[in-house]
1. Please report, to one decimal in angstroms, the Kirkwood hydrodynamic radius of the stretch 2-85 built from all distinct Cα-Cα pairs.
2. Once you list every other residue whose beta carbon is under 13 Å from the beta carbon of I68, what net charge do they have if Lys and Arg are +1 and Asp and Glu are -1?
Amino acid sequence: MEVDITNTDINKNTLYASMGVPEFWRFNGRVWRILQLVDGAYVECDRSPTFGIIEKTDLFRFLEVAFIDEVAAEIDFRQWVRGQIQCPVEKVRPA
């Protein structure tokens, strides 16, 4: 996955597709797009294929933090995702 919050003249969609990046997020400061590589081209998705259990709005707040501090946003995001996917497993005892 690649997250792009920069503004450049490089066609990132073509660049990342040629490298086989399966998921690509583009954020221009206002609009956030989640793109998934399908048959060599990116298709916009409503939900991240990588983080399908997490709402786009939850992911968006981490992008906002990334404008201020990318490292802190990444650390917070990783911790938050771990908390979302961890669920207590009850051990079933034989009768």
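No lab work stands behind these numbers, since they all come straight from the coordinates. Since we're looking at a predicted model, the values are computed, not measured. Note that we place each Cβ from the backbone using ideal geometry, even for glycine, and neighbour counts take in every protein chain shown.
1. Values: mean 1/r = 0.0741 Å⁻¹.
Here the Kirkwood hydrodynamic radius works out to 13.5 Å.
2. Numbers: positive: R61; negative: E64, D69, E70, E74, D76.
Once positives and negatives cancel, what remains is -4.
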